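Quick notes on the structure that follows.
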Amino acid sequence: MTTDKLYMDSIKSCYLKEFNAEIINIEENQIELNQTLFYPMGGGQDWDTGTIISNGREINVLEVRGRDKISHLTEPNHNLEIGQRIQASIDWDRRYRHMKMHTAQHLVSAVAYDLFDGVRTVGNQLRYDKSRIDFNPINFDDEMLSNLVNETNKLIKNGAELNIRMMTREEINEIMPPERTNMNLIPPNVEELRVVTIGDNLDLCPCAGTHVQNISEIGGIEFLNKKSKGKGTQRFSYTLK
Ligand SMILES: [Zn+2]
């Protein structure tokens, strides 16, 4: 049985903090629900934490993993049972930081692609305190770094709405070059993709993460450091202002 991912329905659903669900499986401290707002670790983004409320008791959710079947790791001695209806809530401070960090990543990747000759994003890690993006091929100097940050912050200040829609591979490739959307990473049998767009034309990217409604909510980014990862790849680390 798969878990219905309530945070995937729309950009608005990324702002929901509480939900009800039924426990469909338990293996020790791993709890499976029929539906969830907890984002599992994936796509570079860290998992949500929060609480499951059962009979007035709050049980901490420590870690969330999985793709189709999402497993919520709780503290021990939870006394939860299969078939039970529960209430749950996510740690909003943590999740909202992840949404800002993640949306900032889309922007930084798009700006870098435009500024630096189609440079590709080859990896990322999006966390509460700091995030990082791996670019290739690139050799950042100070001017490039400040251009990248300034241009990104200018866009954030101007603001732009995000939208989600379903598109076919062909439709996506007509709008954006496949090397920019990393289409090669998507299994060939996937025909329709959930696409996140920013503004009219700022970015378009197949993505299953959580995002803010408007890029102005990010507030701004601050460069932390760069690091060479070999073979023309450099890691750009940033935090939120
Ligand atoms: Zn995304």
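Any read-out appearing in this document is the output of simple, stated calculations on the displayed coordinates, not a laboratory observation. All figures in this text were calculated on a predicted structure; none of them were measured in a lab. Heads up, the Cβs are rebuilt from the backbone with ideal geometry, glycines too, and the neighbour counts pull from every protein chain shown.
Structure above, values below:
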quantity	calculated
Whole-number percent relative contact order across the range 4-90, with pairs defined as alpha carbons under 8 Å at least 6 apart	34
GNM flexibility winner over the chain from 91, 200, 46 (Cα, springs under 10 Å)	200
Around residue 60: net Lys/Arg minus Asp/Glu count, Cβ-Cβ under 11 Å	-3
Rel. contact order, % - alpha carbon contacts under 8 angstrom, at least six apart, the chain	20
Assigned charges on the beta-carbon of Lys, Arg, Asp, Glu; the range 159-241 dipole about Cα centre (debye)	720
Distance between modelled label sites at residue 93 and residue 182, nm, 7 Å Cα→Cβ extension	3.0
Separation between Cα centres of the range 1-63 and the range 179-220, rounded to whole Å	23
Label point distance in nm, residue 165-residue 25, each placed 7 Å from Cα along Cα→Cβ	3.6
11 Å beta-carbon shell around residue 102, net charge (K/R +1, D/E -1)	+3
Scaled radius of gyration (Cα, divided by 2.2 N^0.38 Å) that the chain gives	1.08
Within the range 31-58: backbone nitrogen closer than 13 Å to the residue 79 label point (7 Å, Cα to C-beta)	53-58
Entries of 17/154; 130/227; 154/229 with Cα pairs more than 25 Å apart	17/154; 154/229
Stretchable slack from residue 4 to residue 240, in nm (0.36 nm times residue separation minus alpha-carbon distance)	81.9 nm
Relative contact order (%) - criterion: Cα under 8 Å, at least six apart; region: the range 141-233	39
Cα Rg over Rh - the range 1-116, Kirkwood	1.04
Paramagnetic reach from residue 216 in the range 129-171 [backbone N under 12 Å; point 7 Å along Cα→Cβ]	156-161
Under 15 Å, Cβ to Cβ, from residue 162 - net charge with Lys/Arg +1 and Asp/Glu -1	-1
